[in-house]
1. Considering segment 39-93 alone, what residues qualify as being polar (S, T, N, Q) and surrounded by 11 or more Cβ atoms within 10 Å (Cβ to Cβ)?
2. What residue, among those in segment 145-199 that are surrounded by 15 or more Cβ atoms within 10 Å (Cβ to Cβ), touching a strand residue (DSSP E or B) at 6+ places or on another chain (Cβ under 9 Å) and over 26 Å from ASP93 (Cβ atoms), is modelled with the lowest pLDDT?
3. Using the structure shown, decide if GLY116 is among the small types (Gly, Ala, Ser) and within 20 Å of PRO84 (Cβ to Cβ).
4. Exactly one of (1) crowded, with 20+ Cβ neighbours inside 10 Å; (2) in contact (Cβ under 8 Å) with a residue 60 or more places away in the chain; (3) of a type in the set (Gly, Ala, Ser) is unmet by ALA141. Its number?
Amino acid sequence: MKYKNSLSVLAIGVVLSFMLTSCKNEAKEYKESPEEAIQLNAENEITRGKYLVGIMGCNDCHSPKRMGKNGPEIIPELMLSGYPSDRPIIKFDNKQLKEGFAMFYPDLTAGAGPWGISFAGNLTPDDTGIGGWSEEQFKTALTKGKFKGLENGRMLLPPMPWTNYTEMTDEDLSAMFNYLQSINPVSNVAPSPVSPENM
C-alpha cells in the first residue's frame, strides 16, 4: 500500500512538473513586437492616469454636473471641461465671505471665499483647455501651483489643492497628463477669477 501511495505521489509530481515546464515554454515563445509593447505601455499609462484623476477628485470641481437621482452627476459630454462659460456668474453673500466663509456653486465648478471667486479650468485636450500645454507645464501647474503651468504666472487660487501634489512622481504626473490628452476635447473657456472687491 505504501509503495502504491509513493507511486501516486511520484506520478502527480511528474505531471505537475510537465505542466509547469510546458507553461514556461509557452510564455517564452510569445513575445510581443516592439510596436505592441509600446502600445501596451501607452494603454497601461492611460489606465493609470484615469485611475489617478479619479481618486484625486479632479472631477469634483472640474466636471460640470446636473442633479440626478443620486445627487449631482457628471455630464459625460462635459467631463473635466471646467466651469461652463455660458453659465451666468451669481452673486455671493459678501458679508459671510468677509467673515471667512467659503461658498460653492451646486456642482462645485466655482467657489468663492476671501480670495474672491475662482472657476475650475478646462482640463480637456481642446485649445481652450490643456490641448496646447506641454507635459512640463502640466507638472509645473500641479506641483508648483502656477496658472497654466507658467513659471512666471500667478498662483492657482483655492480650492485647487495643488499643495497636495508637490511630491507627486514624474511617472504619475505623466500618466495623468497622457490620460487627459486622450479624453474628449471640449471647447470651453472658463471665466477669469473675480477679485474680492469686485464680487
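1. GLN39, ASN44, THR47, ASN59, SER63, SER81, SER85
2. Ranking the qualifying residues of segment 145-199, first place goes to GLY153.
3. Spelling it out, GLY116 is indeed among the small types (Gly, Ala, Ser) and within 20 Å of PRO84 (Cβ to Cβ).
4. Exception for ALA141: condition (2).
The values are calculated or read from the model by the stated rules, or taken from the named source; none is laboratory data. Given the structure is predicted, the values throughout are model-derived calculations rather than measurements. Note that we place each Cβ from the backbone using ideal geometry, even for glycine, and neighbour counts take in every protein chain shown.
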